[in-house]
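In what follows, a single structure is set out as structure tokens and then discussed.
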Amino acid sequence: MSTSPAHVHPRTTYCRIRGQSLIGRAFQPTAVGVVCHATAVAGPALIKLPPLRQHYQAEAVETRGADYSAGQGFDAPETAPVVPASGPGGAGAARARVERRWRALPLPASSRAVLAGPSVLDEAERYRGNVENLIGAVRVPLGLAGPLRVNGRHAHGDYYVPLVTTEGALVASYNRGARVISVAGGCAAALLDEGVGRAPGFAFDTLDECLRFVAWADADAQREVFKREAARTTRHGALRDVRATVEGNHAYLLFDYTTGDAAGQNMVTIATEAVLAYIDAHGPVRPRYRFVEANLSGDKKASARSFIAGRGRRVTAEVVLPAELVRAALHTTPARMADYWRMGAVGAVLGGTIGVQGHYANGLAALYIACGQDAACVAESAVGVTRFEETARGELYAAVTLPNLVVGTVGGGTGLPGQRACLDIMGLAGPGKARALAEVCAALLLAGELSLVGALCANEFARAHQRLARDICRREDKGAADA
């Protein structure tokens, strides 16, 4: 196709790339990419952009060029926007592709030395499927908390738990709580249930059509067919239940899956899409439109439904600490920690939180990143209930319950070199270990709650952060002085 402005089609495609409006620019596909004819501001000029087949955040709107060149619709920019150059995109992670991206982008050599050293380039192909447009890897400090003794149904023994963080005092706090639990003989832990949901939505013309569809989908015989269709997509998971919800002329089907040792987010999406293909072909009423996920499942967000029904692995852990141990290790008393829990529970209600807990997200984020879990799932996993009580014998009873723990020991990022090594530290890499990992997560969060509340009750919370963060302050002060 010619790149001459005279050959721009009268119906022109305009794009907004990376939030920058390119209104008034006519785009033409060419063999090497896209040519943009700048007409709105500076007169004719050709700007060559990379091919749109690459993974760029482009939003195309096809309309009549005259409408926008005249300033109608979107406001025409006062000055011609600049489109930053983009490097070679795609999912390719070979060393040559990584080097080509660095050559194509105006990035400093000092950044390349830190982010794309020889070891990263040697392993580049191993990142394929985990990231697109790979340019390197970021090193984050890794610490160990433990030993953490877990007497669970699936996790048995003393665990050193790898935690990745840039927050001073975090590992020290979890380490203290872990050692307190271990000195007390360990915590009990149990996996109570497991299942990952996906909730497709269907829009019909009328409520009557919606109810006809739900009656068909909710029949026992139809559920068996759905299970069969889902089973065609995976050997590791299974559709175990289907529940329907109706809102006006909208229907939601909540599909609940077991996912084996995988966290299972991709698994349940692919399986659900296969079921939807069957519904498209055989359903009694054809919806006006439908979506594979209609935001009911609770995926990557805290929700009341998931808090009650669970999503992922539901797990609980408990420990009883003698009063002498609480005084010696946490510098407070069981009675005062129970006082804090009551006030904190009321505070959580007043604040409108889902659940009652102190800082589940701290431990889960550090563990998830270290062990190749989906870090975004912290949003739904860091929900639950912590409970502290003083027993009749003056001991401290402490428990945590997490209904939405989305973790796995296969798939996702668990096979990456560093993340696999972190799972190996706990002896929890590979098949058959996901349930044990869930129980270790609960035990870790119990340790974190004990240490946090102990510090608050002993008035040591601020002092601990000040003391353990002093090196950061010194580095910042030295850097300011050097500047």
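The values are calculated or read from the model by the stated rules, or taken from the named source; none is laboratory data. Keep in mind that this is a model prediction, so the values were computed, not measured. Neighbour counts are summed over all protein chains in view; Cβ atoms, including those assigned to glycine, are modelled from backbone coordinates with ideal geometry.
Scanning the range 348-361 for residues that are touching a strand residue (DSSP E or B) at 6+ places or on another chain (Cβ under 9 Å) and not β-branched (V, I, T) yields A348, G355, Q357, G358, Y360. Residues in the range 375-396 that are in contact (Cβ under 8 Å) with a residue 40 or more places away in the chain, in contact with a helix residue (DSSP H, G or I) (Cβ under 8 Å, 6 or more places away or on another chain) and surrounded by fewer than 20 Cβ atoms within 10 Å (Cβ to Cβ): 6 in all.
So C210 clears everything in (1) at pLDDT 95 or above; (2) crowded, with 20+ Cβ neighbours inside 10 Å; (3) within 27 Å of the chain's Cα centre (by Cα) except one condition, right? Which one? C210 satisfies every listed condition except (3).
Every test in (1) assigned to a helix (DSSP H, G or I); (2) over 24 Å from the mean Cα position of the chain (by Cα); (3) farther than 30 Å from L321 by Cβ is passed by L107 save one, and that test is (1).
Taken over the range 303-321, the criterion of being in contact with a helix residue (DSSP H, G or I) (Cβ under 9 Å, 6 or more places away or on another chain) and more than 12 Å from L402 (Cβ to Cβ) is satisfied by S303, E318, V319, L321.
State yes or no: is A124 more than 30 Å from A447 (Cβ to Cβ) and at pLDDT 90 or above? Considered against the rule, which asks whether it is more than 30 Å from A447 (Cβ to Cβ) and at pLDDT 90 or above, A124 comes out as no.
Restricting attention to the range 218-255, the residues being among the small types (G, A, S) and in contact with a Leu (Cβ under 9 Å, 6 or more places away or on another chain) number 5. Looking at the range 392-412, is at least one residue part of a helix (DSSP H, G or I), of a type in the set (G, A, S), in the same structural domain as P162 (by TED's automatic domain parsing) and modelled with pLDDT of 95 or more? Scanning the range 392-412, I find no residue that is part of a helix (DSSP H, G or I), of a type in the set (G, A, S), in the same structural domain as P162 (by TED's automatic domain parsing) and modelled with pLDDT of 95 or more, so the answer is no. The set of residues in the range 340-364 that are among the hydrophobic types (A, V, I, L, M, F, W, C) and either surrounded by fewer than 17 Cβ atoms within 10 Å (Cβ to Cβ) or within 18 Å of A304 (Cα to Cα) (or both) comprises M343, A345, V346, A348, V349, L350, I354, V356, A361.
It is to be established whether one or more residues within the range 314-328 are assigned to a loop (DSSP other than H, G, I, E, B) and of a type in the set (V, I, T). Write out each step before concluding.
First, the residues of the range 314-328 that are assigned to a loop (DSSP other than H, G, I, E, B): 322.
So of that shortlist, the ones also of a type in the set (V, I, T) come out as none.
Within the range 314-328, none of the residues are assigned to a loop (DSSP other than H, G, I, E, B) and of a type in the set (V, I, T).
Can we say E224 is part of a helix (DSSP H, G or I) and either outside the structural domain of L405 (by TED's automatic domain parsing) or under 30 Å from K433 (Cβ atoms) (or both)? Write out each step before concluding.
Working: part of a helix (DSSP H, G or I): yes; either outside the structural domain of L405 (by TED's automatic domain parsing) or under 30 Å from K433 (Cβ atoms) (or both): yes.
It is true that E224 is part of a helix (DSSP H, G or I) and either outside the structural domain of L405 (by TED's automatic domain parsing) or under 30 Å from K433 (Cβ atoms) (or both).
Part of a strand (DSSP E or B), crowded, with 20+ Cβ neighbours inside 10 Å and either under 25 Å from the mean Cα position of the chain (by Cα) or not basic (K, R) (or both): is that true of L163 in this structure? Full working, then the answer.
Working: part of a strand (DSSP E or B): yes; crowded, with 20+ Cβ neighbours inside 10 Å: yes; either under 25 Å from the mean Cα position of the chain (by Cα) or not basic (K, R) (or both): yes.
Spelling it out, L163 is indeed part of a strand (DSSP E or B), crowded, with 20+ Cβ neighbours inside 10 Å and either under 25 Å from the mean Cα position of the chain (by Cα) or not basic (K, R) (or both).
In the condition set (1) assigned by TED's automatic domain parsing to the domain that holds H465; (2) touching a helix residue (DSSP H, G or I) at 6+ places or on another chain (Cβ under 7 Å); (3) surrounded by 18 or more Cβ atoms within 10 Å (Cβ to Cβ); (4) more than 25 Å from A434 (Cβ to Cβ), L170 is compliant with all but (4). Residues in the range 93-123 that are in contact with an Asp or Glu (Cβ under 9 Å, 6 or more places away or on another chain) and of a type in the set (A, V, I, L, M, F, W, C) were compared, and the one that is nearest to G411 (Cα to Cα) is A93.
Every residue, every condition in (1) under 18 Å from Q373 (Cβ atoms); (2) out of contact with any Leu (no Cβ under 6 Å at 6 or more places or on another chain); (3) of a type in the set (A, V, I, L, M, F, W, C), yes or no:
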site: W102; (1), (2), (3): no, yes, yes
site: S111; (1), (2), (3): no, yes, no
site: S119; (1), (2), (3): no, yes, no
site: R139; (1), (2), (3): no, yes, no
site: D158; (1), (2), (3): no, yes, no
site: N175; (1), (2), (3): no, yes, no
site: L191; (1), (2), (3): yes, yes, yes
site: A199; (1), (2), (3): no, no, yes
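Restricting to the range 349-388, count the residues that are part of a helix (DSSP H, G or I), among the small types (G, A, S) and under 24 Å from F461 (Cα atoms).
Of the residues in the range 349-388, the ones part of a helix (DSSP H, G or I) are 349-351, 360-370, 375-381.
Checking which are among the small types (G, A, S) leaves us with 351, 361, 363, 365-366, 370, 375-376, 379, 381.
Retained after the next criterion (residues that are under 24 Å from F461 (Cα atoms)): 351, 361, 363, 365-366.
Residues meeting the conditions: 5.
Those residues that are modelled with pLDDT of 95 or more, under 21 Å from the mean Cα position of the chain (by Cα) and part of a loop (DSSP other than H, G, I, E, B), I need them from the range 167-199; list them, please. Of everything in the range 167-199, just one residue is modelled with pLDDT of 95 or more, under 21 Å from the mean Cα position of the chain (by Cα) and part of a loop (DSSP other than H, G, I, E, B), namely A199.
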